[in-house]
Amino acid sequence: MSYDPEKNIALAAEKNSLNSYEVNSPTSASDAEVHDAHVHIIDRWAHKLGAETKGLDLVTDEEKTDTSLWNSASMWLSANLVIATFALGALGITVFDLAFGQAVLVIIFFSALGNFTVAYFSCFGPPLGLRQIILSRFMIGDIPVRIFSFINVVACVGWGAVNIMSSAQLLHIVNNGLLPPWAGCLILVVCTILVTFFGYHVIHLYEKWAWVPNFAIFIVIIVQFARSGTFSSDAFVGGETTAGNVLSFGGTVFGFATGWTSYASDYTVYQPRNANLVKIFFAIFLGLFLPLVATLILGAACATGIANKPEWAQLYAENSVGGLVYGILVVDSLHGFGQFCCVVLALSTVANNIPNMYSMALSAQTFWSPMAKVPRIVWTFVGNGATLAICIPAYYKFESVMENFMNLVSYYLAIYESLMLSSHFIWHKGNFRAYDYTQYQNKQAYPIGLAGTFGFCCGVAGVVVGMNQTWYSGVIAKQIGDYGGDIAFELAFAFAFIGFNITRYFEKKYIR
């Protein structure tokens, strides 16, 4: 997986990037470029504050100064070691009615499956120097990238809302509900803005250490939960209904685990072109997988205590997972210190929302050329504002919103991954040198995307017949058990794979 492009190509890329910036791209900026007369006034102001002003342009060799593997791993360690992950693990018990052992097996398998693509596509950042959504043009074409850019914007805002809801619950219940839900949501959004404003390097610096207090508090939760003696594990139950619940919970876990795939390379793009990609892959995979699995399992374990402790059951019924955490840490437990832990854990959501809001801005710029004229920083504010508008009313329907949203994320990302992996391994032979990254602004250098669009439509067909939601159940999903089973992301991947690879031959032969 190592890659060392020729120096001449790299130098040409730098020259092309700088030239294109002066003419077309006011959202990009290096230290030298921000003084150019064409740079947006907002970018000039942001540059004076030390914020990253580079947008979609190629990252040049001079800018590739991030050589830390720990930066790559800790980025996702902090993002996964949060209360939203804990809340998702609890759904395996409270919503999908699985035995604890069954939930653990689902968590391990579907987390590994989802994390693989995030780690793999992160390896495209160093050699190509392009953001994930931009480099996708070389593989699936211009039209599908615009489709996925739009979905990314919607999904990132949705991610932010779902994450904030679990933390707002916790902030609300502390001090007997004196802090209203809207205020908790507002606090978390403001904290997210403060970090995403400064961009790549400050984001990595924040994520490098944000996991430490969260890790300490989860240790406290483990200790207090063990002392409560409320853990229970039911015997495994087989049958079609259980199979359906396993598939549905698996799709939810997969959606959470793979959720970073469509912007994976955004967080390795400043790594040197000759970086060791094998090391980057495993650093990121472990940084994703270990905290994700541990926190999901802890959430599932704590959820088993609801059946054995009436106080926790009441708190959970009133405040969902926030109530459960409050019961473990505060009620007949650590009291004032427990409340402090709740507040710190609620703020952990910021680490998970930061990459969503940062990459949302890049997707917005990609969707339509005029939107690229709006600086990344502005889109960050817009995205956080939309998140706040959504999460406040959705706060009161947390469980159903979280389950449905995670499944919907898994659907579209399964299609994206199917198209991207097909293109890279089948049509580009897995060779990074097949992509002339210096031509990222030249539409003649990548396909129109008719095959990718057809593959996307085929994937959507797979979703329609395989999804199992409270508001709709597909014809195949209905056949699995009493309540149906969600196999939409599996069918979406397969349908998209077949549709894309059949039509890509003709697109390549007759069009471009």
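The values are calculated or read from the model by the stated rules, or taken from the named source; none is laboratory data. None of the values given here were measured: they were computed from a predicted structure. Quick reminder, even Gly has a Cβ in these numbers, built from the backbone with ideal geometry, and neighbours come from all protein chains shown. Each accessible area value is taken on the protein alone, full model and side chains, heavy atoms only, with ligands, DNA and RNA left out. Shrake-Rupley method; radii C 1.70, N 1.55, O 1.52, S 1.80 Å.
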Problem set entry | Acute angle (nearest 10 degrees) that the helix 181-196 long axis makes with the longest principal axis of the chain, alpha-carbon atoms | 30 degrees
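I'd like to know how region 287-364 sits against the 2.2 N^0.38 Å rule of thumb: what's its Cα Rg over that expected value?
Dividing the Cα radius of gyration by 2.2 N^0.38 Å gives 1.34.
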Exercise. Where the accessible area of the chain is counted over protein heavy atoms with a 1.4 Å probe, how much of it, in %, is carbon and sulfur?
Worked result: 67 percent
Exercise. Could you give the angle, 0 to 90 degrees to the nearest 10, between helix 310-329's Cα long axis and the longest principal axis of the Cα atoms of the chain?
Worked result: 70 degrees
For this session: Before anything else, pin down the relative contact order of the chain: Cα pairs under 8 Å, at least 6 apart, normalised by residue count, whole percent.
Result: 28 percent
For this session: With a/c under 1.5 counting as rounded, go ahead and sort region 345-483 into rounded, prolate or oblate using the C-alpha gyration tensor (a ≥ b ≥ c being the square roots of the eigenvalues; past the cut-off, prolate if a/b is larger than b/c, else oblate).
Result: oblate
Problem set entry | Highest-first arrangement of 166-174, 438-446, where packing means the average Cβ count within 10 Å | 166-174, 438-446
Exercise. Does anyone have the angle between helix 69-80 and the longest principal axis of the chain? Alpha-carbon axes, 0 to 90°, nearest 10?
Worked result: 40 degrees
For this session: Along each of the three principal axes of the Cα atoms of region 412-485, give the extent in whole Å, ordering the values from largest to smallest.
Result: 54, 21, 16
Problem set entry | For region 225-283, alpha-carbon Rg relative to the globular expectation (2.2 N^0.38 Å, N residues) | 1.91
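Going through the cross-link list Lys48/Lys443; Lys64/Lys373; Lys373/Lys508; Lys443/Lys509, which pairs have a Cα-Cα distance over 22 Å in this structure? Don't jump to the answer; show the numbers that get you there.
Working: Lys48/Lys443 34 Å; Lys64/Lys373 24 Å; Lys373/Lys508 32 Å; Lys443/Lys509 17 Å.
Over 22 Å Cα-Cα: Lys48/Lys443; Lys64/Lys373; Lys373/Lys508.
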Problem set entry | Over the chain: Kirkwood hydrodynamic radius from C-alpha pairwise inverse distances, Å | 23.2 Å
Problem set entry | Relative intensity, log₁₀ I(q)/I(0), of region 205-362 from a Debye sum that treats every alpha carbon as a point, q = 0.09, 0.11, 0.15 Å⁻¹ | -0.40, -0.59, -0.99
Exercise. Rounded if a/c is under 1.5, else prolate if a/b beats b/c, else oblate: with a ≥ b ≥ c from the C-alpha gyration tensor eigenvalues square-rooted, which is region 198-240?
Worked result: oblate
Problem set entry | Label-point separation in nm, Leu105 to Arg227, each point 7 Å along Cα→Cβ | 3.5 nm
Exercise. What is the spin-label model distance, in nm, from Leu286 to Asp234 if the labels are put 7 Å beyond Cα along the C-beta direction?
Worked result: 3.7 nm
